[in-house]
Amino acid sequence: MADKKPITKEDLAEQLAKDGRMQKGEALKAVELIFASIAKGLVDPDYGTVKVAGFGSFALVDRPARVGVNPSNTAEKINIPASKAVKFKPSKTLKDLVNAK
């Protein structure tokens, strides 16, 4: 799986330009606006979750502070501060598509 090429933002824009019959620059702007809107929705205190029908939902979750182990010196304990993370939950439609045989 490590040898597979990832799809980039430019690849998405190229596909959108081709399928949507638009200029590549416009398509790239549209892709960037979508990602910016998802990010803005996650940090907006009124929302915190972004749901895309047929694809899945992105949610902002709190990760509590914890004590971890220094990987280069396993005897040493380190404090890991609390943080926020983005969690993605795929929709049933996406799960079915990925698991189709």
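Here are some notes:
- If the condition is being of a type in the set (A, V, I, L, M, F, W, C) and exposed (fewer than 10 other Cβ atoms within 10 Å of the Cβ), then segment 73-83 contributes Ala75, Ala82.
- Tally, over segment 1-54, of residues that are under 30 Å from Lys84 (Cα atoms) and touching a helix residue (DSSP H, G or I) at 6+ places or on another chain (Cβ under 6 Å): 8
- Residues (closer than 30 Å to Arg66 by Cβ and either surrounded by 10 or more Cβ atoms within 10 Å (Cβ to Cβ) or of a type in the set (S, T, N, Q) (or both)) located in segment 84-94: Lys84, Val86, Lys87, Phe88, Lys89, Pro90
- Pairs with Cβ under 8 Å, 6+ apart, first in segment 50-72 and in contact (Cβ under 8 Å) with a residue 24 or more places away in the chain and surrounded by fewer than 13 Cβ atoms within 10 Å (Cβ to Cβ), second of a type in the set (D, E, K, R) and in a strand (DSSP E or B): Val61/Lys84; Val61/Lys87
- Within segment 50-101, considering residues that are outside any strand (DSSP E or B) and either assigned by TED's automatic domain parsing to the domain that holds Ile38 or hydroxyl-bearing (Ser, Thr, Tyr) (or both), the one nearest to the chain's Cα centre (by Cα): Ser91
The values are calculated or read from the model by the stated rules, or taken from the named source; none is laboratory data. Fair warning: this is a prediction, and the values are worked out from it, not measured in the lab. FYI the Cβ positions are ideal-geometry reconstructions off the backbone, even for glycines, and counts take in every protein chain you see.
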